[in-house]
1. Would you list the strands (runs of 3 or more DSSP E) that sit entirely within the stretch 123-229 and hold 1 or more residues that are touching a residue at least 60 places away in the same chain (Cβ under 8 Å)?
2. Pairs please, first residue from the stretch 66-84 and over 25 Å from ALA210 (Cβ atoms), second anywhere and open to solvent by 20 Å² or more (accessible area, probe 1.4 Å) and part of a helix (DSSP H, G or I), Cβ atoms under 6 Å, 6+ apart in sequence or on different chains.
3. Which of the residues spanning the stretch 12-48 are on the phi > 0 side of the Ramachandran plot and in contact with a helix residue (DSSP H, G or I) (Cβ under 7 Å, 6 or more places away or on another chain)?
4. Looking at the stretch 270-282, is at least one residue assigned by the TED database to the domain that holds GLY216 and assigned to a loop (DSSP other than H, G, I, E, B)?
5. If ILE323 meets every condition in (1) of a type in the set (A, V, I, L, M); (2) open to solvent by 10 Å² or more (accessible area, probe 1.4 Å); (3) over 23 Å from ASP25 (Cα atoms) apart from one, which number is that one?
6. For the stretch 247-263, does any single residue satisfy the condition of being assigned by the TED database to the domain that holds ALA100, within 17 Å of the chain's Cα centre (by Cα) and surrounded by fewer than 20 Cβ atoms within 10 Å (Cβ to Cβ)?
7. Exactly one of these conditions fails for ASP340: (1) outside any loop (DSSP other than H, G, I, E, B); (2) among the acidic types (Asp, Glu); (3) under 22 Å from LYS22 (Cα atoms). Give me its number.
8. Can you find even one residue in the stretch 300-310 that is under 18 Å from GLN214 (Cβ atoms), touching a helix residue (DSSP H, G or I) at 6+ places or on another chain (Cβ under 8 Å) and not basic (Lys, Arg)?
Amino acid sequence: MMKLYDVYPLNPIEIVKGIGSKVYDNNGQEYLDLYGGHAVISIGHTHPHYVTRLKDQLDKIGFYSNSIQIPQQEQLATLLGEVAGINDYQLFLCNSGAEANENALKLASFYNGKKKVIAFDKAFHGRTSLAVSATDNPKIVAPVNQTDNIVFLPFNDEEALEKAFTSYGNEVTAVIIEGIQGVGGIQVATDSFLAKIRTLTTQYGAVFIADEVQCGYGRTGSFYAVNDGGVQADIYTMAKGMGNGFPIGAIAIGEQFTPWHGQLGTTFGGNHLACAAALSVLEVMKQDNLMAHTAQIGNYLINELKKLDKIQEVRGKGLMIGIDLAPELKDVRKDLLIKDHIFTGTASPNVIRLLPALNLSQADADLFLDKFSNRLQQF
């Protein structure tokens, strides 16, 4: 009998249904979902518009290859440009965040003919070949992925960045950064650091790649996290919240990049169903003004969390929040799940990550605050 490859430590829970920010297991137990399947559920589980969009598309055609015109791709590019405020960019559709980062790094190197990439301590950009090389976790970098072309610098260290460009700036093809590091523990890039990246990449002909796979797509209250600091990247990568659970990724590419046939490619990227899912997300975000709601409810949560005792630090923006706990509180997240029936995320060494749907209600935010405050008092 074939077995599953043992990839993740699994919670003993089988989720069979989801509505909004609530999910239900096979025993009928309700859970508050503040994890969103790792920042994937952006407009809530089984949102009616999302479900209708997918069903309608599936009744027509679910897939054909990129050898033919797919009008939904152009519709998606137009709407994404409008909602994100980047109408002068070009859209390449793929299937995941790792694939988006792979293509972004490759495109940068095609563009300027250089090889060296600057990434940052605690960065996570994916598990595929070049993306994992730019990820600061040697344990998951296989020997075949190891390369001298990636340089890791301290996060938010402007002096180190300036020294790097002074030393080898003409060799740098790209700087890749998460506006807010997710796996790295919800570390927020400062406005001045992002501005420094923009200045130096422009000066040396390097490409500024904003990895918005987790922190983007409205999660901070702005469409892209790096834009909070008033800068624009050359390439934006995105995926998780883009399809509300349907696999899709993309890169928004500045107009200075000129495509040629065969330069990039994909079999499944931009298929009819993926586009239908992504269009439904943007339509709901626009209609319900979800970025403004995200900023409001996120600020509320952050301010209320900062009032609680026993928390070392609260970091983040919008609905990407990290709660840094002391080591003796390491069981809080587990108890929130098993005893209080609340899903949250985690980051090392002891950070609880909140990554809920962007339409999280005030009532559900208050429910979490009440349960979390009571749980802290147990330790």
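1. Details: elements: 150-153, 172-178, 207-211.
Of the strands (runs of 3 or more DSSP E) lying wholly inside the stretch 123-229, those with at least 1 residues that are touching a residue at least 60 places away in the same chain (Cβ under 8 Å) span 172-178, 207-211.
2. none
3. Matches in the stretch 12-48: HIS38, ALA39.
4. Applying the first criterion (assigned by the TED database to the domain that holds GLY216) to the stretch 270-282 yields 270-282.
Going one step further and asking which of them are assigned to a loop (DSSP other than H, G, I, E, B), we end up with 270-271.
Checking the stretch 270-282: at least one residue is assigned by the TED database to the domain that holds GLY216 and assigned to a loop (DSSP other than H, G, I, E, B).
5. Failed condition: (2).
6. Yes, the conditions are met somewhere in the stretch 247-263.
7. For ASP340, the failing item is (1).
8. Within the stretch 300-310, the first condition is being under 18 Å from GLN214 (Cβ atoms), and the residues that meet it are 301-302.
In the following step, the residues that additionally are touching a helix residue (DSSP H, G or I) at 6+ places or on another chain (Cβ under 8 Å) were identified as 301.
Within this subset, residues satisfying the condition of being not basic (Lys, Arg) are 301.
Yes, the stretch 300-310 contains a residue that is under 18 Å from GLN214 (Cβ atoms), touching a helix residue (DSSP H, G or I) at 6+ places or on another chain (Cβ under 8 Å) and not basic (Lys, Arg).
The values are calculated or read from the model by the stated rules, or taken from the named source; none is laboratory data. Quick caveat, the model's predicted, so the values are computed rather than measured. Cβ: placed from backbone, ideal geometry, glycine included. Neighbour counts: every protein chain shown. With ligands, DNA and RNA removed, areas are computed over all heavy atoms of the protein, side chains included. Shrake-Rupley method; radii C 1.70, N 1.55, O 1.52, S 1.80 Å.
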